[in-house]
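Q: A single structure is presented below for examination.
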Amino acid sequence: MIDDFPDGAGLPGGLLLRSPIPEDQRRVLAVLDVWWAGFGGAAGSRERSLLLPRLFFQHFTDSSFVVERPDGALVAFLIGFLSQSQPEVAYIHFVGVDPALRRRGVGAFLYQRFFTLAAARGRTRVRCVTSPGNAASVAFHTGLGFQVDPGDAATADGVPVQQDYDGPGLPRVTFTRILTGPQEER
Ligand SMILES: CC(C)(COP(=O)(O)OP(=O)(O)OC[C@H]1O[C@@H](n2cnc3c(N)ncnc32)[C@H](O)[C@@H]1OP(=O)(O)O)[C@@H](O)C(=O)NCCC(=O)NCCS
(Lines give C-alpha, C1' and ligand atoms only; values in the text may rest on other atoms or scores of the structure.)
Protein backbone atom coordinates (compact mmCIF):
# COMPACT_ATOMS: atom_id res chain seq x y z
CA MET A 1 0.00 0.00 0.00
CA ILE A 2 2.84 2.37 0.83
CA ASP A 3 4.80 1.31 -2.25
CA ASP A 4 3.49 4.34 -4.14
CA PHE A 5 4.76 6.60 -1.40
CA PRO A 6 7.93 5.02 -0.12
CA ASP A 7 9.98 7.84 1.35
CA GLY A 8 7.65 10.00 3.39
CA ALA A 9 7.93 12.95 1.00
CA GLY A 10 5.80 15.66 2.53
CA LEU A 11 6.90 14.84 6.06
CA PRO A 12 9.22 17.32 7.79
CA GLY A 13 12.93 16.79 8.26
CA GLY A 14 13.62 13.73 6.14
CA LEU A 15 11.28 11.53 8.16
CA LEU A 16 10.52 8.14 6.64
CA LEU A 17 7.15 6.42 6.33
CA ARG A 18 6.60 2.68 6.20
CA SER A 19 4.14 -0.04 7.13
CA PRO A 20 4.52 -1.52 10.62
CA ILE A 21 6.01 -4.96 11.25
CA PRO A 22 5.41 -7.15 14.33
CA GLU A 23 8.69 -6.05 15.92
CA ASP A 24 7.36 -2.48 16.01
CA GLN A 25 4.79 -3.36 18.67
CA ARG A 26 7.28 -3.27 21.56
CA ARG A 27 8.73 0.00 20.25
CA VAL A 28 5.29 1.62 20.17
CA LEU A 29 4.37 0.28 23.62
CA ALA A 30 7.64 1.70 24.97
CA VAL A 31 6.71 5.29 24.02
CA LEU A 32 3.04 5.38 25.03
CA ASP A 33 3.46 6.70 28.58
CA VAL A 34 5.83 9.48 27.54
CA TRP A 35 3.89 10.47 24.42
CA TRP A 36 0.57 10.52 26.35
CA ALA A 37 2.30 12.29 29.27
CA GLY A 38 0.82 9.79 31.71
CA PHE A 39 -2.73 10.81 30.76
CA GLY A 40 -5.22 9.02 33.02
CA GLY A 41 -2.61 7.85 35.53
CA ALA A 42 -1.85 4.16 36.07
CA ALA A 43 -5.28 3.09 34.80
CA GLY A 44 -4.83 5.13 31.63
CA SER A 45 -1.41 3.65 31.08
CA ARG A 46 -2.69 0.08 31.38
CA GLU A 47 -5.69 0.81 29.16
CA ARG A 48 -3.45 2.20 26.41
CA SER A 49 -1.04 -0.70 26.46
CA LEU A 50 -3.93 -3.17 26.21
CA LEU A 51 -5.28 -1.31 23.19
CA LEU A 52 -2.27 -2.34 21.12
CA PRO A 53 -1.86 -6.11 21.17
CA ARG A 54 0.53 -7.62 18.67
CA LEU A 55 -2.29 -8.53 16.29
CA PHE A 56 -2.44 -4.93 15.06
CA PHE A 57 1.17 -5.23 13.95
CA GLN A 58 0.48 -8.55 12.25
CA HIS A 59 -2.91 -8.24 10.58
CA PHE A 60 -3.57 -4.52 10.03
CA THR A 61 -0.26 -3.44 8.55
CA ASP A 62 -1.56 -2.53 5.08
CA SER A 63 -3.61 0.31 6.52
CA SER A 64 -1.24 1.43 9.28
CA PHE A 65 1.93 3.49 9.34
CA VAL A 66 5.03 4.16 11.35
CA VAL A 67 7.28 7.19 10.89
CA GLU A 68 10.96 7.15 11.75
CA ARG A 69 13.91 9.48 11.71
CA PRO A 70 16.70 8.54 9.30
CA ASP A 71 18.53 6.99 12.29
CA GLY A 72 15.58 4.64 12.88
CA ALA A 73 14.08 6.36 15.94
CA LEU A 74 10.29 6.04 16.06
CA VAL A 75 8.53 9.41 15.90
CA ALA A 76 4.91 8.61 14.99
CA PHE A 77 2.47 5.81 14.31
CA LEU A 78 -1.09 5.34 13.09
CA ILE A 79 -2.99 2.07 13.45
CA GLY A 80 -6.08 1.92 11.26
CA PHE A 81 -8.18 -0.50 9.26
CA LEU A 82 -11.10 -0.87 6.88
CA SER A 83 -14.22 -2.02 8.73
CA GLN A 84 -15.06 -5.67 8.09
CA SER A 85 -18.71 -5.10 8.92
CA GLN A 86 -19.50 -1.63 7.60
CA PRO A 87 -18.31 -1.40 3.99
CA GLU A 88 -18.51 2.38 3.96
CA VAL A 89 -16.36 2.86 7.07
CA ALA A 90 -12.63 3.03 7.77
CA TYR A 91 -11.46 3.22 11.38
CA ILE A 92 -8.45 4.88 13.00
CA HIS A 93 -7.70 2.96 16.16
CA PHE A 94 -4.66 4.73 17.57
CA VAL A 95 -2.32 7.54 16.65
CA GLY A 96 0.63 9.14 18.38
CA VAL A 97 3.33 11.66 17.52
CA ASP A 98 6.57 12.25 19.45
CA PRO A 99 6.05 15.39 21.57
CA ALA A 100 9.24 16.85 20.06
CA LEU A 101 7.59 16.84 16.64
CA ARG A 102 4.09 18.03 17.50
CA ARG A 103 2.34 20.83 15.61
CA ARG A 104 4.46 20.23 12.53
CA GLY A 105 1.80 18.47 10.53
CA VAL A 106 2.91 14.87 11.14
CA GLY A 107 -0.42 13.76 12.61
CA ALA A 108 -2.36 15.51 9.85
CA PHE A 109 -0.08 13.91 7.27
CA LEU A 110 -0.80 10.43 8.62
CA TYR A 111 -4.53 11.08 8.67
CA GLN A 112 -4.49 12.41 5.11
CA ARG A 113 -2.60 9.31 4.00
CA PHE A 114 -5.23 7.17 5.69
CA PHE A 115 -8.09 9.19 4.13
CA THR A 116 -6.51 8.69 0.71
CA LEU A 117 -6.17 4.97 1.27
CA ALA A 118 -9.72 4.63 2.59
CA ALA A 119 -11.25 6.67 -0.26
CA ALA A 120 -9.31 4.67 -2.84
CA ARG A 121 -10.90 1.54 -1.35
CA GLY A 122 -14.40 2.93 -1.58
CA ARG A 123 -14.86 4.05 2.03
CA THR A 124 -16.93 7.18 2.59
CA ARG A 125 -16.57 7.67 6.35
CA VAL A 126 -13.73 7.55 8.84
CA ARG A 127 -14.48 6.92 12.47
CA CYS A 128 -12.38 7.03 15.64
CA VAL A 129 -12.67 7.62 19.39
CA THR A 130 -10.70 9.38 22.08
CA SER A 131 -10.86 9.72 25.85
CA PRO A 132 -12.82 12.57 27.44
CA GLY A 133 -10.42 15.24 28.64
CA ASN A 134 -7.89 14.68 25.84
CA ALA A 135 -8.34 18.24 24.61
CA ALA A 136 -5.44 18.08 22.14
CA SER A 137 -6.98 15.03 20.51
CA VAL A 138 -10.40 16.69 20.28
CA ALA A 139 -8.82 19.83 18.76
CA PHE A 140 -6.78 17.73 16.35
CA HIS A 141 -9.76 15.71 15.14
CA THR A 142 -12.16 18.61 14.79
CA GLY A 143 -9.39 20.58 13.05
CA LEU A 144 -9.17 17.79 10.49
CA GLY A 145 -12.87 17.91 9.73
CA PHE A 146 -14.23 15.30 12.14
CA GLN A 147 -17.58 15.91 13.81
CA VAL A 148 -18.07 14.80 17.40
CA ASP A 149 -20.93 12.29 17.54
CA PRO A 150 -23.80 12.96 19.97
CA GLY A 151 -23.32 11.80 23.56
CA ASP A 152 -25.31 11.12 26.69
CA ALA A 153 -23.03 13.36 28.81
CA ALA A 154 -20.50 16.13 28.23
CA THR A 155 -17.07 17.19 29.46
CA ALA A 156 -16.62 20.42 31.42
CA ASP A 157 -15.73 21.99 28.05
CA GLY A 158 -19.02 20.86 26.56
CA VAL A 159 -17.66 18.05 24.39
CA PRO A 160 -20.28 15.28 24.00
CA VAL A 161 -19.29 12.01 25.69
CA GLN A 162 -20.75 8.52 25.42
CA GLN A 163 -20.61 7.01 28.89
CA ASP A 164 -19.57 3.36 29.23
CA TYR A 165 -18.93 3.30 25.46
CA ASP A 166 -16.04 0.83 25.74
CA GLY A 167 -17.35 -0.88 28.87
CA PRO A 168 -18.33 0.11 32.41
CA GLY A 169 -16.41 3.22 33.42
CA LEU A 170 -14.83 3.61 29.99
CA PRO A 171 -16.42 6.71 28.41
CA ARG A 172 -15.37 7.90 24.95
CA VAL A 173 -15.74 10.87 22.65
CA THR A 174 -16.46 9.46 19.20
CA PHE A 175 -15.81 11.15 15.86
CA THR A 176 -16.94 10.77 12.27
CA ARG A 177 -15.48 12.37 9.17
CA ILE A 178 -17.10 12.16 5.78
CA LEU A 179 -14.70 11.42 2.93
CA THR A 180 -15.65 13.72 0.13
CA GLY A 181 -14.69 11.48 -2.76
CA PRO A 182 -12.03 11.57 -5.43
CA GLN A 183 -10.42 14.71 -4.02
CA GLU A 184 -9.37 12.64 -1.01
CA GLU A 185 -7.48 10.37 -3.43
CA ARG A 186 -4.48 12.64 -3.67
C1 LIG B 1 -3.08 14.40 18.68
C2 LIG B 1 -1.71 14.31 18.01
C3 LIG B 1 -1.60 12.96 17.27
C4 LIG B 1 -1.58 15.46 16.98
O5 LIG B 1 -0.37 15.28 16.25
P6 LIG B 1 0.43 16.53 15.62
O7 LIG B 1 1.42 15.98 14.66
O8 LIG B 1 0.95 17.41 16.69
O9 LIG B 1 -0.75 17.30 14.86
P10 LIG B 1 -0.61 18.30 13.61
O11 LIG B 1 0.65 19.09 13.73
O12 LIG B 1 -0.77 17.53 12.35
O13 LIG B 1 -1.88 19.25 13.87
C14 LIG B 1 -2.87 19.45 12.89
C15 LIG B 1 -3.89 20.42 13.46
O16 LIG B 1 -4.59 19.81 14.56
C17 LIG B 1 -4.85 20.80 15.57
N18 LIG B 1 -4.08 20.48 16.78
C19 LIG B 1 -3.15 19.53 16.93
N20 LIG B 1 -2.69 19.49 18.20
C21 LIG B 1 -3.35 20.46 18.87
C22 LIG B 1 -3.31 20.91 20.21
N23 LIG B 1 -2.47 20.37 21.13
N24 LIG B 1 -4.13 21.93 20.57
C25 LIG B 1 -4.94 22.51 19.68
N26 LIG B 1 -5.02 22.10 18.36
C27 LIG B 1 -4.23 21.09 17.97
C28 LIG B 1 -4.40 22.13 14.97
O29 LIG B 1 -5.48 22.66 14.23
C30 LIG B 1 -3.29 21.67 14.04
O31 LIG B 1 -3.01 22.59 13.00
P32 LIG B 1 -2.02 23.85 13.29
O33 LIG B 1 -0.82 23.34 14.01
O34 LIG B 1 -1.70 24.34 11.90
O35 LIG B 1 -2.82 24.81 14.13
C36 LIG B 1 -0.56 14.48 19.04
O37 LIG B 1 -0.81 15.64 19.83
C38 LIG B 1 -0.39 13.29 19.97
O39 LIG B 1 0.31 12.33 19.63
N40 LIG B 1 -1.01 13.35 21.18
C41 LIG B 1 -0.87 12.28 22.17
C42 LIG B 1 -1.56 11.04 21.71
C43 LIG B 1 -3.04 11.24 21.46
O44 LIG B 1 -3.74 11.90 22.21
N45 LIG B 1 -3.54 10.62 20.33
C46 LIG B 1 -4.93 10.78 19.92
C47 LIG B 1 -5.88 9.91 20.67
S48 LIG B 1 -5.65 8.17 20.31
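The values are calculated or read from the model by the stated rules, or taken from the named source; none is laboratory data. Everything numeric here is computed off the predicted structure, so don't read it as measured data. Cβ: placed from backbone, ideal geometry, glycine included. Neighbour counts: every protein chain shown. Note: areas computed on protein heavy atoms with side chains; ligands, DNA, RNA excluded. Shrake-Rupley method; radii C 1.70, N 1.55, O 1.52, S 1.80 Å.
Q: For residues in segment 138-149 being over 19 Å from Gly40 (Cα atoms) and open to solvent by less than 50 Å² (accessible area, probe 1.4 Å), which is nearest to the chain's Cα centre (by Cα)?
A: Here the residue is His141.
Q: Only one of Asp152, Asp157 is modelled with pLDDT under 95, more than 17 Å from Leu78 (Cα to Cα), outside the structural domain of Phe77 (by TED's automatic domain parsing) and of a type in the set (D, E, K, R). Can you tell me which?
A: Just one listed residue meets the conditions, Asp157.
Q: Within segment 65-72, does at least one residue satisfy the condition of being open to solvent by 40 Å² or more (accessible area, probe 1.4 Å), within 17 Å of the chain's Cα centre (by Cα) and assigned by TED's automatic domain parsing to the domain that holds Pro12? Step through it out loud before you land on a result.
A: The first filter runs over segment 65-72 and keeps only residues open to solvent by 40 Å² or more (accessible area, probe 1.4 Å), leaving 69-71.
Cutting the leftovers down to within 17 Å of the chain's Cα centre (by Cα) gives us none.
Within segment 65-72, none of the residues are open to solvent by 40 Å² or more (accessible area, probe 1.4 Å), within 17 Å of the chain's Cα centre (by Cα) and assigned by TED's automatic domain parsing to the domain that holds Pro12.
Q: Right, next: Please go through segment 53-75 and pick out each residue that is over 13 Å from Ile92 (Cβ atoms) and of a type in the set (A, V, I, L, M, F, W, C).
A: Leu55, Phe57, Val66, Val67, Ala73, Leu74, Val75
Q: Take segment 21-37 and flag every residue that is over 15 Å from Val97 (Cβ atoms) and part of a loop (DSSP other than H, G, I, E, B).
A: Answer for segment 21-37, where residues must be over 15 Å from Val97 (Cβ atoms) and part of a loop (DSSP other than H, G, I, E, B): Ile21, Pro22, Glu23.
Q: Please verify whether Ala135 is within 10 Å of the ligand (Cβ to nearest atom), under 18 Å from Glu184 (Cβ atoms) and open to solvent by 10 Å² or more (accessible area, probe 1.4 Å), treating the condition exactly as stated.
A: no
Q: Within the bounds of segment 41-63, is there any residue that is β-branched (Val, Ile, Thr) and buried (at least 18 other Cβ atoms within 10 Å of the Cβ)?
A: yes
Q: Now for a separate question. Please work out if Asp152 is open to solvent by 70 Å² or more (accessible area, probe 1.4 Å) and over 20 Å from Pro22 (Cα atoms).
A: Values: open to solvent by 70 Å² or more (accessible area, probe 1.4 Å): yes; over 20 Å from Pro22 (Cα atoms): yes.
Against the criterion (open to solvent by 70 Å² or more (accessible area, probe 1.4 Å) and over 20 Å from Pro22 (Cα atoms)), Asp152 qualifies.
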